[in-house]
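Student: Before I ask anything, let me first share the structure, which is written out below as structure tokens.
The values are calculated or read from the model by the stated rules, or taken from the named source; none is laboratory data. Just so we're clear, the structure is a prediction, and the values are computed from it rather than from any experiment. All Cβ positions, even for glycine, are placed from backbone atoms using ideal geometry, and neighbour counts span all protein chains on display.
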């Protein structure tokens, strides 16, 4: 329950959520069926600016461009999921590599004075 500054009860309005398939279907009306944004938005009962954003996003995704937010086409969603999976696997690989070095007693933290950043150096000194 929310109260306004007069103490009256206010109802909160939630934004509608649309699934990616619906967004694509709406945008396809404009791009493929030659509807205007206004006609398609009225027919599908969505806001004009909302549909215009979906049309621009679908057009960009069809051209292979990266867009902000969640992808709406199936191919772009799959690519995003695969990229996320690759990133997670690379992190896991790095963790396993470091764990292996530590368990073998070959890891020592040090500073490489030849560069301006810290690096991990491996040595034969055991960890304490």
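Student: Within 24 Å of the chain's Cα centre (by Cα), surrounded by 11 or more Cβ atoms within 10 Å (Cβ to Cβ) and touching a residue at least 24 places away in the same chain (Cβ under 8 Å), is that true of residue 80? First the steps, then the outcome.
Tutor: Values: within 24 Å of the chain's Cα centre (by Cα): yes; surrounded by 11 or more Cβ atoms within 10 Å (Cβ to Cβ): yes; touching a residue at least 24 places away in the same chain (Cβ under 8 Å): no.
It is false that residue 80 is within 24 Å of the chain's Cα centre (by Cα), surrounded by 11 or more Cβ atoms within 10 Å (Cβ to Cβ) and touching a residue at least 24 places away in the same chain (Cβ under 8 Å).
Student: In addition: Checking residue 87 against (1) farther than 21 Å from residue 25 by Cβ; (2) modelled with pLDDT under 80, only one condition comes out false. Which one?
Tutor: (2)
Student: Do you know which residues across segment 12-38 are farther than 27 Å from residue 78 by Cα and surrounded by 14 or more Cβ atoms within 10 Å (Cβ to Cβ)? Spell out how you get there, then give the answer.
Tutor: Our first condition is that a residue be farther than 27 Å from residue 78 by Cα; within segment 12-38, this holds for 12-14, 34-38.
Result: 35, 37.
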